[in-house]
């Protein structure tokens, strides 16, 4: 789930435009639609050094990859802010129970601190449709987002539509996803969560950009 692509490309364009001395129009409306991040794959054929033989079998996913889609999830409009420690930062993710179906009903985008002065969070708009299932050690997540970031170079359009499934582990508030059912290599993002109690949870996705870390805070109600 390479959420970093939602923001990094736009900010690079904005920075280039902001440094231009001729006042020309910057490229506008750049759209990035990343695919589901691919998990690491087995090579398919493994050599046993002890016997000199070759094991041609591939290792199956750790789950059946059959968790159902969550339906009836409404789009939500995220709030945009610029990350500024210590006043404007995401809540601390402390972990807790993580099981069941969750529907995102609120979201906040923390634009990287280095984008201050280049973006106007109050004029930025977007929509997010997201849900997640955690069942035993298996998970499935869906995130569809469309953002229009207001910048000094004009509005920059970004988006993603991802659906990822596999096995997960937790350590404290951190979530590790293996993307076993997706077929592609590793995450650039860090995932963490907090059980808010009362059937609510928060999932935080942190991704690096050239301007600092971006955080996507997803507030969810448990089905």
> Within the range 70-104, how many residues are in contact with a strand residue (DSSP E or B) (Cβ under 6 Å, 6 or more places away or on another chain), within 22 Å of residue 174 (Cα to Cα) and either touching a residue at least 24 places away in the same chain (Cβ under 8 Å) or in a loop (DSSP other than H, G, I, E, B) (or both)?
Replying inline: 13
>> Name the single residue that is modelled with the highest pLDDT among those in the range 110-147 being out of contact with any helix residue (DSSP H, G or I) (no Cβ under 9 Å at 6 or more places or on another chain), farther than 28 Å from residue 166 by Cβ and in a strand (DSSP E or B).
In response: 125
> Do we find that residue 169 is touching a strand residue (DSSP E or B) at 6+ places or on another chain (Cβ under 6 Å) and surrounded by fewer than 19 Cβ atoms within 10 Å (Cβ to Cβ) in this structure?
Replying inline: yes
>> Please go through the range 188-223 and give me each residue that is within 13 Å of the chain's Cα centre (by Cα) and not in a strand (DSSP E or B), ordered by number.
In response: 188, 189
>> surrounded by 15 or more Cβ atoms within 10 Å (Cβ to Cβ), within 18 Å of the chain's Cα centre (by Cα), in contact (Cβ under 8 Å) with a residue 12 or more places away in the chain and within 20 Å of residue 210 (Cα to Cα): is that true of residue 121 in this structure?
In response: no
>> Name the residue that is farthest from residue 64 (Cα to Cα), counting only residues in the range 191-211 that are surrounded by fewer than 19 Cβ atoms within 10 Å (Cβ to Cβ) and at pLDDT below 95.
In response: 210
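The values are calculated or read from the model by the stated rules, or taken from the named source; none is laboratory data. Remember, it's a predicted structure, so these values are computed and weren't measured experimentally. A quick note on method: Cβ atoms are made from the backbone with ideal geometry, for glycine too, and the neighbour counts reach across all protein chains shown.
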